[in-house]
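Engineer: Got a structure here, written out as structure tokens. Questions coming.
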Amino acid sequence: MGQWLVHTYTSRIVLTGRQPLFLLLTGLVGSFVFIRFSVRMIRRGVRWWPGNVKPGGLHIHHVVFGQAMMLLGGVGAFTIRPDSTLARDVLAVVFGVGCGLVLDEFALVLHLEDVYWSEEGRKSVDAVILTVAMIIMLLLGWVPFAGFTGPQAVSNLSTVAVLLVFVVICLLKGKVWTGLLGVPLPPLAVIGALRLARPTSPWARWRYYSRPRRLARAERRDERLHRRLDAVRTRLYDALAGAPHLERPQARAAEMVRKALPTRPPTTDLGPSRLERWVRPLSSPCASAVVWYLRLAATFDVVAGLIAPFRNRVHRANSGEFFTPFLVTAGFTAATLAALLAVMLRRRKRAAWIVTLVLSAGNAALYWLALGVLPQVRAHPVNWSSAGLTTAVPLALLIAEPVCRVRGERGNIARGLTWLVLGGVVAAGLGTVLVHQTDQPPTADWTACFRYAVLRIFTVSTLVDLPEISVPGWTDLLINVISVAFFLQVLRAFFRSPRGRARLLPEDELRLRTLLDEFGDLDSLGYFALRHDKSACWSATYDAAVLYRVANGVAMAYGDPVGDPRGWPQAIASWLELARTHAWVPAVTGASEAAAAAYERYGLKVLAFGDEAVVRVAGFTLDGDVIRPLRRAHEVIRAAGYTVVVRRHRDIPGPEMAHLVHLADAWRHGTSDRLFTMALGRLGAAADGDCVLVECRDPNNRTCALLSLVPWGRAGLALDLMRRDRESSGELVPYMIAELLLRARAGVAPVDGLERVSLNFTVFHTGPGTGLVFRVHRGIVQLLSHRRGFESVQRINAAFRPRWQPRFLLYERATELPRIAVANAATEGFLTTPRLAASRGGSRG
């Protein structure tokens with residue numbers, strides 16, 4: 001390593017005559033770092049560091065020493081003989097040290113005022129960084145405008161003049177870095193000159209204040225991009241040079257004057273421009289057109305990949321003088337990419353719009369370049385068609401930009417890059433092992449196997465001849481499957497929707513409780529809207545709300561909207577708009593017939609999802625032959641000495657409630673007690689004092705089972721929690737429900753006045769149903785019923801001869817139902833086992 005550094009320094013620096021310039025840079029950087037360390041020590045007031053230089057009480061700034069050293073180094077460099085190498089190197093270091101000291105107080109020279117530790121003092125750091133960057137480029141061999149050596153043609157001078165115009169425009173637009181770096185990098189200066197100016201720049205003051213729409217665009221771009229870059233730059237400068245802590249009096253005066261002046265009219269209320277009025281109606285159709293193009297391309301790729309003759313012809317065309325349109329090839333990876341981009345663009349995700357635009361525009365540029373420089377390519381009309389069709393994709397995307405504004409989850413880029421690196425390593429490693437193990441003798445070396453696997457993962461192996469590798473077809477297929485899974489996970493990480501971190505706010509809970517007091521009789525599941533892990537989407541007048549939770553990219557709403565049915569349409573429309581804004585899949589679970597009709601009017605499809613068992617207290621009795629099995633079980637358990645205690649939550653002492661919560665939490669392990677699809681998710685919260693707890697005690701007066709029911713309006717209860725000791729009989733639950741109903745019918749406190757009890761609902765639907773989706777749903781439920789115990793709960797509910805009320809699942813597209821099912825299972829605890837909070841404070845369980 002040391003020899004390589006010595007050789008590089010000798011060949012690139014010493015032999016090219018750039019050693020004095022390198023030493024100047026070393027002196028500049030070294031003096032800047034030293035003086036910044038010194039002033040920070042002085043500001044901190046440490047005793048072991050010497051302070052400022054104050055002969056006779058006069059504070060001498062280090063810019064004075066820097067000027068002296070620059071004079072010494074500069075004059076000395078002109079004085080010494082040309083062959084004095086050592087002296088020239090020493091003077092270069094002296095001049096560089098002087099430059100560092102002077103540039104460190106560049107802001108003082110600029111303002112003629114000591115602004116070192118104020119915000120204006122950051123200009124000194126800008127000056128140092130720009131100077132260091134220019135010297136580094138000179139060391140790398142770059143010379144501005146070719147050094148103006150030799151005879152200068154008029155065309156060269158004209159190019160320089162045009163470039164300087166772009167640089168000056170960048171500076172006037174407030175893009176100092178872009179303008180200065182545009183000298184060695186002309187495309188940067190051109191881009192900076194063509195883009196919008198910063199809203200506080202001279203260019204904006206001269207040209208934008210009479211064009212408010214353009215000024216509004218500049219302000220939005222500055223807020224979105226430059227403010228973030230400035231924040232990063234500020235943190236970097238604070239770490240490098242120290243944070244400013246002083247404020248200039250002139251700055252305070254300027255701020256007071258600015259506040260006293262009349263403000264400009266707001267630019268956010270301006271109507272659309274003529275171009276926007278022309279483009280906006282075409283935005284959504286163009287986005288849909290790109291989506292359908294990608295769907296067709298994905299279909300073509302799959303068909304071509306499965307049919308060998310077709311696949312071979314497409315591969316020969318792409319490897320010869322022909323090329324196909326954007327993402328039209330014969331490969332499963334391209335099909336996966338096209339299909340996923342189509343899905344994401346249909347949801348109007350910004351990240352998918354950017355990726356598709358970059359890929360399609362790059363593809364189109366490559367095609368037109370090939371048509372321009374390769375005569376054999378221009379000879380085929382199909383290439384012109386492919387180039388035209390490919391160019392139409394980015395043009396349509398540019399028109400569709402106003403509707404593709406859905407932002408993804410924060411951290412998607414980092415997560416996607418992590419998956420790209422780690423997943424690529426894993427996929428390449430697995431592919432390499434497969435190729436090495438299945439290659440026909442003589443087996444190729446590991447390097448060739450790795451190359452083949454990587455090429456196969458990216459489905460470009462047909463473009464490179466690898467005669468030393470000969471593997472069976474199933475190996476290539478398996479590697480393609482690995483590559484598809486790899487790309488799917490990477491793209492999924494890049495395109496994740498926001499998680500929806502909003503939770504039920506205290507003011508939302510107060511409004512919901514007020515609405516439940518007035519409209520709680522409409523829906524037995526209304527009280528479950530008070531779960532703290534849900535979010536509320538309100539109507540404009542706050543008279544109705546849709547309660548939802550986001551999981552797996554699905555905005556899952558629960559039950560009916562809470563509140564006045566006249567406000568349901570506004571709440572539903574607001575919720576759907578919020579879902580589309582964040583690219584969430586809208587879905588509703590457990591809706592009643594009235595709510596399902598309301599959701600259906602907004603385009604959602606209805607699926608008979610389950611049945612809710614509602615028992616009328618006045619009509620319940622244990623007499624009669626029909627209910628004989630329940631009566632016998634009730635008599636046996638009562639004869640065994642089991643008793644039932646019914647109390648409101650508010651009537652249970654705190655220590656006893658804490659003990660019951662602990663039992664309920666312990667009994668959850670190893671038992672499938674979540675056999676219905678709505679739950680409050682907490683027990684013992686102070687705000688839930690109206691809930692009813694049914695406690696079953698064995699002959700030894702020990703608690704062996706618990707039921708918790710939430711209020712349903714003024715005269716109803718809905719079953720929420722159902723827990724029992726694992727060693728107790730399963731007949732305890734029907735026994736407890738029967739005791740509750742009998743006491744309510746007899747008017748025994750605290751359930752006197754109770755008219756109806758909802759036993760919640762399961763995913764069994766007893767009524768008729770038609771359609772493929774319904775048949776698939778019923779088949780899955782029947783398949784899982786034995787493991788999850790759905791049939792047993794259905795039999796328990798049926799024993800009470802309830803009135804069955806259908807509950808519905810609502811969705812937009814049948815293809816989204818698997819995702820909705822996973823989200824519903826995750827949010828309602830079927831995939832996880834959250835623990836109940838062991839406190840009375842109302843924390844979530």
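Only the coordinates and a few stated rules stand behind these numbers; no lab work does. Bear in mind that the values here come from a model prediction, so they are computed numbers and not experimental data. We place every Cβ from the backbone using ideal geometry, glycine too, and count neighbours over all the protein chains shown.
Engineer: I need the peptides 420-427, 50-57 ranked by packing, meaning the mean over residues of other C-beta atoms within 10 angstrom, with the highest value on top.
Structural biologist: Working: 420-427: 15.5, 50-57: 8.4.
Per-residue mean Cβ counts within 10 Å order the peptides as 420-427, 50-57.
Engineer: Using R₀ = 45 Å, calculate the FRET efficiency as 1/(1 + (r/R₀)^6) where r is the Cβ-Cβ separation of Thr447 and Leu185; round to 0.05. Show your work: numbers first, answer last.
Structural biologist: Details: r = 37 Å, r/R0 = 0.83.
Computed FRET efficiency for Thr447 and Leu185: 0.75.
Engineer: Still on this structure, please answer the following. DSSP loop (so not H, G, I, E, B), at most 15 other Cβ within 10 Å: list which trypsin sites (Lys or Arg not before Pro) in segment 160-217 pass both filters.
Structural biologist: Numbers: sites: Lys173, Lys175, Arg195, Arg205, Arg207, Arg213, Arg214, Arg217; in loops: Lys173, Lys175, Arg195.
Those that pass, being in a loop and sparsely packed, are Arg195.
Engineer: Within segment 469-491, which residues have the backbone N less than 20 Å from the label spot 7 Å out from Arg350 along Cα→beta-carbon, could you tell me?
Structural biologist: Residues passing the 20 Å test: 491.
Engineer: Work out, step by step, the length gained on full extension between Val303 and Arg415: first 0.36 nm times the residue separation, then minus their alpha carbon distance; give nm to one decimal.
Structural biologist: Working: separation 112, 0.36 × 112 = 40.32 nm, distance 3.21 nm.
Working it through step by step, the gained length comes to 37.1 nm.
Engineer: Quick one: length gained pulling Leu430 to Arg211 fully straight, 0.36 nm per residue minus the C-alpha distance?
Structural biologist: Working: separation 219, 0.36 × 219 = 78.84 nm, distance 5.91 nm.
Result for the pair: 72.9 nm of gain on full extension.
Engineer: Compute the Cα gyration tensor for segment 74-137, then decide on rounded, prolate or oblate, letting a ≥ b ≥ c be the square roots of its eigenvalues: rounded whenever a/c is under 1.5, prolate when a/b is larger than b/c in the other cases, and oblate in all that remain.
Structural biologist: On the way: a/c = 3.94, a/b = 2.30, b/c = 1.71.
Here segment 74-137 falls in the prolate category.
Engineer: I would also like to ask the following. With each pseudo-label sitting 7 Å past Cα toward Cβ, what's the Asp623-Glu731 distance in nm, one decimal?
Structural biologist: Result: 2.3 nm between the two label points.
Engineer: Sticking with this one: Calculate one ³J(HN,Hα) per residue across segment 716-721 by plugging θ = phi - 60° into the Karplus curve 6.51 cos²θ - 1.76 cosθ + 1.60, and present them in order as whole Hz with x for glycine and proline.
Structural biologist: In residue order, the calculated couplings are x, 9, 10, 5, 10, 10 Hz.
Engineer: If amide hydrogens are placed 1.01 Å from N in the peptide plane, which non-local residues have theirs closer than 5 Å to the one on Phe326?
Structural biologist: Thr390
Engineer: Work out, step by step, the length gained on full extension between Val6 and Glu656: first 0.36 nm times the residue separation, then minus their alpha carbon distance; give nm to one decimal. Don't skip to the answer; put the middle values down first.
Structural biologist: Working: separation 650, 0.36 × 650 = 234.00 nm, distance 7.89 nm.
Gain in length upon complete extension: 226.1 nm.
Engineer: Additional query: Separation between the Ala370 and Glu577 pseudo-spin-labels, each 7 Å from Cα along Cα→Cβ, expressed in nm?
Structural biologist: Placing both labels 7 Å along Cα→Cβ, they lie 4.7 nm apart.
Engineer: Now for a different question. For the pair Leu72 and Asp89, how long in nm is the line joining their label points, each one 7 Å along Cα→Cβ?
Structural biologist: Here the answer is 1.9 nm between the modelled labels.
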